[in-house]
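One structure below.
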Amino acid sequence: MTHIKNIEYICEKAYQNNRITKDEAKILYDKADLLTLGQIAHHIRNIKCNPTIVTYIVDRNINYTNICISKCLFCAFYKNKYDTGAYVLDDDTIRNKILETKSLGGTGILLQGGLNPNLRLNYYLSLLKLIKNTCDIHIHAFSPPEIVYMSRIEKLSIKEIIQSLMSAGLNSIPGGGAEILVDPIRKKLSNVKCNTNEWLNVMETAHNLGLKTTATMMFGHIESIDDRLEHLNKIRNLQDLTGGFTAFIPWTFQRGNLPISVNTIHSYEYLKILSLSRIFLNNIQNIQGSWVTQGEQIGQLSLCFGANDLGSIMIEENVVKSAGTSFKMSEDKMKNLITEIGYRPFKRNTLYTNLP
């Protein structure tokens, strides 16, 4: 009976959009059924966001290099310097990708790459200037591991690196490289990549400089539910401090073509964590459904489990595809997915600042 009373109390508390604790979130995860979590999450979503629209964006994910020393166990994309297929994109290729994105109605560029020891800060500054000189487009670029690595190589502070990038045209920072913000898990997955405090420090520094960012969580590998909740708690705490996260995007580990062997996370578990993210992160407005990893049908269903945004149509995506998962999405298909479930599709910008 104690658990039943606890669940009823916590569900009502969450339904009223009041903050729940990590312990309460764990009880919900362990004891509440998926439809109950989805109902609460959907209710909160309708309170915090326009209940009639679902947002999306047209942009492109450009991976400027796949050379990386991190060698994360969950990554099938990286190459060593002399591997077949290793690359750093040249200026003409970058320029053509940008122009094509604009011609397709794109409003932003997501720019991410590996931790390439041959690239110095001047390369990144030149890359940003090249894009800005090509056309007017929002640059959402360089996740915390990349920025930490630049800081290490250049022997400059995180603040100095971010200020230099902003001066060259950086408009916002993606939340990649978070995986699970628990150091024992991070060390097992990738001992080279930035640690939890470094990841959070990049985001806090960016927010204090006036730069908005997103936050992510990749789950379904070697972490526990307690690790996932600790991750959510760290994101929520930083958002309390800075208010700089525009959105949270949870997505599942893709196991194809990788040396790590774990049980596959199915859509039931994805929707459960998505709902719990919406319930727990009561200070982040936008929660994104991941059709890229789940497919269009579960992506559509995510709109009933707390998500108010379906992210990008992904003109180009390479990292998830390299792990064996590849879903395609046109803008028309995106709009149809949204209207079929009773919402009005709205094409947003990267910062969600053009919403009706």
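The values are calculated or read from the model by the stated rules, or taken from the named source; none is laboratory data. Note that the coordinates shown come from a computational prediction; the quantities given were computed from them, not determined experimentally. Cβ: placed from backbone, ideal geometry, glycine included. Neighbour counts: every protein chain shown.
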Check: Which condition number does G210 fail, the rest of (1) without any contact (Cβ under 8 Å) to a residue 40 or more places away in the chain; (2) out of contact with any Ser or Thr (no Cβ under 9 Å at 6 or more places or on another chain); (3) within 21 Å of L281 (Cα to Cα); (4) not charged (D, E, K, R) being met?
Finding: (3)
Check: Among all residue pairs at least 6 apart or on different chains, which show Cβ distances below 6 Å where the first residue, located in region 78-93, is within 15 Å of L119 (Cα to Cα) and the second is at pLDDT 95 or above?
Finding: D91/L130
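A quick yes/no check of all residues on (1) in contact with a Cys (Cβ under 8 Å, 6 or more places away or on another chain); (2) among the aliphatic types (A, V, I, L, M); (3) more than 18 Å from I315 (Cα to Cα):
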| position | (1), (2), (3) |
| --- | --- |
| N122 | no, no, yes |
| N133 | no, no, yes |
| I139 | no, yes, no |
| K159 | no, no, yes |
| G169 | no, no, yes |
| S172 | no, no, yes |
| G177 | yes, no, yes |
| K187 | no, no, yes |
| C194 | no, no, yes |
Next item on the list: Would you please list the contacts, defined by Cβ atoms under 9 Å and residues six or more apart or on different chains, that run from a residue in region 141-157 that is without any contact (Cβ under 8 Å) to a residue 12 or more places away in the chain to a residue that is surrounded by fewer than 15 Cβ atoms within 10 Å (Cβ to Cβ) and not acidic (D, E)?
Entry: S151/S157
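Taking region 40-70 as the region of interest, how many residues are in a helix (DSSP H, G or I) and free of Cβ contacts under 8 Å to residues at least 24 places away in the same chain? Step through it out loud before you land on a result.
If we filter region 40-70 for residues that are in a helix (DSSP H, G or I), which is where we start, we get 40-48.
Narrowing further to those that are free of Cβ contacts under 8 Å to residues at least 24 places away in the same chain: 46.
The total comes to 1.
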Notebook entry, point to check: Among the numbered criteria (1) closer than 24 Å to K22 by Cβ; (2) out of contact with any helix residue (DSSP H, G or I) (no Cβ under 6 Å at 6 or more places or on another chain), which single criterion is violated by N195?
Noted result: (2)
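Looking only at region 213-260, which residues are of a type in the set (D, E) and at pLDDT below 95?
Listed by number, the list holds a single entry, E223.
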Next item on the list: Can you confirm whether region 98-111 contains a residue that is of a type in the set (S, T, Y) and modelled with pLDDT of 95 or more?
Entry: no
Next item on the list: Could you list, in sequence order, all residues of region 14-46 that are surrounded by 14 or more Cβ atoms within 10 Å (Cβ to Cβ) and polar (S, T, N, Q)?
Entry: T36, Q39
Checklist line | All positions within region 62-72 that are under 22 Å from D92 (Cα atoms), out of contact with any Phe, Trp or Tyr (no Cβ under 7 Å at 6 or more places or on another chain) and modelled with pLDDT under 90 | finding: I67
Next item on the list: Please identify the pairs in which a residue from region 176-189 that is surrounded by fewer than 20 Cβ atoms within 10 Å (Cβ to Cβ) has its Cβ atom under 6 Å from the Cβ atom of a residue that is polar (S, T, N, Q) and part of a loop (DSSP other than H, G, I, E, B), counting only partners at least 6 apart or on another chain.
Entry: D183/N195
Check: Out of the residues in region 302-356 that are under 19 Å from F253 (Cα atoms) and part of a helix (DSSP H, G or I), which is modelled with the lowest pLDDT?
Finding: S322
